[in-house]
């Protein structure tokens, strides 16, 4: 008699890019993560959440306990998700203004980030965006996000051989493998936090 292997519960991952530029390498990392989650990992439903429509945080825009519709929609997407994948470029040793703005909107009471698992990936020059990871982890402590510790993923996009094509798509096989490792670790940690693993 054949043993029945139980399918892993499906987790919903919200993928957020801190860069608004269409050709951003970090957006390319999100596209790769979406492809990998569809093609090679069972049990992950990932959705890219665009933060570009969000207005700058202004509590005067909160009327009678309600947020602007675009903010409400964003907050709902985060609330519905089980975990978060951040593609966080590094601007001036820190996270980008659009990403910090999105984080702040979703942390307004009630905080919709709370008790979710998260992972960070980044691409850029020099350190590959690693300093943004440090600041994002600090922010995560206050908003009750729980980041995986390993594997870390920060990619020097300009070091040969080429890591991205002209459209900002990740083409480096080793980096794609590393991205898969991040997603598998995020999935396992999410299930552990939810008490399903």
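Since every read-out is calculated from the coordinates, none of them should be taken as a lab result. Just so we're clear, the structure is a prediction, and the values are computed from it rather than from any experiment. Cβ placement follows ideal geometry from the backbone for every residue including glycine, while neighbour counts extend to all protein chains displayed.
Does region 23-126 come out rounded, prolate or oblate by the C-alpha gyration tensor, with a ≥ b ≥ c the root eigenvalues, rounded set by a/c under 1.5 and, if not, prolate when a/b is larger than b/c and oblate if not?
oblate
Just grab the label-to-label distance for residue 115 and residue 152, each label 7 Å out from Cα along the Cβ direction, in nm (one decimal).
3.0 nm
Could you tell me the extents of the chain's C-alpha atoms along the three principal axes, largest first, rounded to whole Å?
59, 50, 26
Given points 7 Å out from each Cα along the Cα-Cβ axis, report the residue 58 to residue 138 separation in nanometres with one decimal.
The two pseudo-label positions are separated by 2.8 nm.
Counting only C-alpha contacts under 8 Å and six or more residues apart, can you give the relative contact order of the chain as a whole percent?
25 percent
Once label points are set 7 Å from the Cα along Cα→Cβ at both residue 79 and residue 20, what is their separation, rounded to one decimal in nm?
2.6 nm
Which stretch or stretches of region 21-43 have amide N atoms under 17 Å from the point lying 7 Å from residue 169's Cα along the Cα→Cβ direction?
22-40
Residues of region 19-35 with backbone nitrogen within less than 20 Å of a virtual label 7 Å along the Cα-to-Cβ line of residue 127, please, listed as ranges.
Of the residues in region 19-35, 19, 25-27 have backbone N under 20 Å from the label point off residue 127.
Top mean-square fluctuation among 123, 162, 106, Gaussian network model of the chain, C-alpha springs under 10 Å?
So, out of 123, 162, 106, the one fluctuating most is 162.
What FRET efficiency do you get for residue 181 and residue 97 if R0 is 30 Å and r is their Cβ-Cβ distance, rounded to the nearest 0.05?
Values: r = 30 Å, r/R0 = 0.99.
Computed FRET efficiency for residue 181 and residue 97: 0.50.
Just want the ordering: 121, 63, from fewest to most Cβ atoms lying within 10 Å of their own Cβ.
63, 121
Quick one: among 60, 82, 165, which has the greatest mean-square fluctuation in a GNM of the chain with alpha-carbon springs under 10 angstrom?
60
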